[in-house]
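Working notes for the structure below.
Every number here is computed from the coordinates shown, using simple stated rules; none is lab data. Predicted model only: the values in this text are computed from it and were never measured. Neighbour counts run over all protein chains shown; Cβ positions are idealised from the backbone, glycine included.
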Amino acid sequence: MNQAPEPQTSMSPQVQHALGVSLRGSEELLPQDEWVKKLVRSEVTGQPLRIKLGLDPTAPDIHLGHTVVLNKMRQLQDLGHQVIFLIGDFTSMIGDPSGRNTTRPALTAEQIRPNADTYYKQASMVLDPSKTEIRYNSEWSDPLGARGMIQLAAKYNVARMMERDDFHKRFHSGQSISVHEFLYPLMQGYDSVALKSDLELGGTDQKFNLLMGRHLQQEFGQEPQCILTMPLLEGLDGVDKMSKSKNNYIAITEEANTMFAKVMSISDTLMWRWYTLLSFQSLEAIAALKAEVDGGRNPRDAKVMLAREITSRFHNVALADAAEQDFVNRSKGGLPDVIPDVHIGGAPLGIAALLKAAGLAPSTSEANRLIEGSGVRIEGSVVSDKALKLEAGVHVVQVGKRKFARIHLS
């Protein structure tokens, strides 16, 4: 992961600072020398750079994983550059094949529209809406038509498309690849042409698509964009990337108490990863805090600080204060420093069966008795429904005052 750059005498302090902001927490900045040239030109001319992020509205909510790149957009926005939040209402109908081992089902316009309606509102909880250009890629993709699509497809060859890792693996394993999936990187790349972007951001899984933007801009006679990839944020389980399908996510619209409790449920190791990618504290401040914890300070103190920061960002300080107090009250002193991880299959699974399988109750009848006595909590909330079924995901379960387990249900 990139850190702040070494000072270079050829760069002004302002450009050095901008490069450091760009690199913080990032995975790759390609090509870095071209980005420096763009920053220098922007400083000399006073012309802001155009920085693009595209998200396909395949689900109605943005979660903390999405905010890793949104945070970077905000940091660059605060430097005075023009950020473009692109809603992929057209590309959603194709379906992004990145990281997929099967063809993604195509979505209809009717499925996409309600999700798109909520995306910008939620993104504005991170970005400065007064300084954000919002666009939909159907603006230029729909008018392209069949003739334009054929002309665009002629600008890239099949051999290079098959170099893409997920296509390569699927082809050699005999798995199906639909022709329309080749159109996705082309259309995402064409977005960069339409928007004349100087920099495009995305997760590490988007590298092929981002490089396609550079290629097509050159094909259309434009100066190619640079690309900045950000790591994929691990979810609550600390293993898989944050995702609604994995049920290991925190939606940025979740109510404050739930958001605070979920942050508190992550492991001490994952906490530092989240600090780097989600916190607005300086790297120096984070390093100093980690040194204190390594020196004997309770890691729970650091986790509370992170939970407060994230909850305050998406709600406010007062609600974060109340969420912290609610967490303490519900868990009667908070979570222990070490919570055992238990992996169980069979989702969805009834709460009584889950307690037995996790070793938190000797039998389902005893589990039901504990529920009746308000002795079972999930994420700090008392379970009162014996018929409750838990979906796949990560659940922090407490039985009585002393039994805890971080259950990975699959």
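Summary of values
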{"item": "Whole-number percent relative contact order across the chain, with pairs defined as alpha carbons under 8 Å at least 6 apart", "result": "14 percent"}
{"item": "Over the stretch 341-409 - Rg/Rh using Cα atoms and the Kirkwood inverse-distance radius", "result": "0.90"}
{"item": "Fewest-first sequence of 119, 156 by Cβ atoms within 10 Å of each Cβ", "result": "156, 119"}
{"item": "Simple spin-label estimate for residue 12 and residue 402 in nanometres, 7 Å along Cα-Cβ", "result": "6.5 nm"}
{"item": "DSSP bridge pairs, the chain: antiparallel proportion in percent, nearest 5", "result": "45 percent"}
{"item": "Cβ-based exposure ranking for 41, 313, in which fewest neighbours within 10 Å come first", "result": "41, 313"}
{"item": "Tilt relative to the chain, helix 183-195 - C-alpha long axis, 0 to 90 degrees, to 10", "result": "70 degrees"}
{"item": "The chain: most fluctuating residue of 149, 212, 73 per GNM, C-alpha cutoff 10 Å", "result": "149"}
{"item": "Value at 222 nm in deg cm²/dmol, rounded to 500, when DSSP H runs of n ≥ 4 in the chain each add -39,500 (n - 2.57)", "result": "-14000 deg cm²/dmol"}
{"item": "Kirkwood-based Rg to Rh ratio, the chain, C-alpha trace", "result": "1.01"}
{"item": "Largest-first principal axis extents, alpha carbons of the stretch 256-331, Å", "result": "29, 24, 17"}
{"item": "Potential lengthening between residue 255 and residue 79 on full extension [0.36 nm per residue; Cα-Cα distance subtracted]", "result": "60.3 nm"}
{"item": "DSSP bridge pairs, the stretch 13-230: antiparallel proportion in percent, nearest 5", "result": "15 percent"}
{"item": "Spin-label pair residue 157/residue 318, simplified geometry with 7 Å Cα→Cβ offset, distance in nm", "result": "6.5 nm"}
{"item": "Long-range HN-HN contacts of residue 233 with modeled amide H, under 5 Å", "result": "242"}
{"item": "For the stretch 71-77, Karplus couplings with θ = phi - 60° (6.51, -1.76, 1.60), whole Hz, Gly/Pro x", "result": "4, 5, 4, 5, 4, 6, 4"}
{"item": "Efficiency of FRET between residue 33 and residue 329 - r from beta-carbon atoms, R0 56 angstrom, step 0.05", "result": "0.55"}
{"item": "FRET efficiency, 1/(1 + (r/R0)^6) with R0 35 Å, evaluated for residue 218 and residue 282 via beta carbons", "result": "0.40"}
{"item": "Those GluC sites (Glu not before Pro) in the stretch 233-264 that DSSP places in a loop and that have at most 15 other beta carbons within 10 Å", "result": "255"}
{"item": "FRET E, pair residue 365, residue 269, Förster distance 45 Å, beta-carbon r, rounded to 0.05", "result": "0.75"}
{"item": "Stretch gain in nm, segment residue 384-residue 290, where the contour uses 0.36 nm per residue and the Cα spacing is subtracted", "result": "30.0 nm"}
{"item": "Within a Gaussian network of the chain (alpha carbon springs, distance under 10 Å), most fluctuating of 242, 162, 230", "result": "162"}
{"item": "Backbone N under 16 Å from the residue 178 label point (7 Å along Cα→Cβ), restricted to the stretch 115-137", "result": "none"}
{"item": "Net lengthening on full extension, residue 136/residue 239 (0.36 nm per residue, minus Cα-Cα)", "result": "33.8 nm"}
{"item": "Length-normalised contact order for the stretch 151-298 - Cα pairs under 8 Å, 6+ apart - percent", "result": "14 percent"}
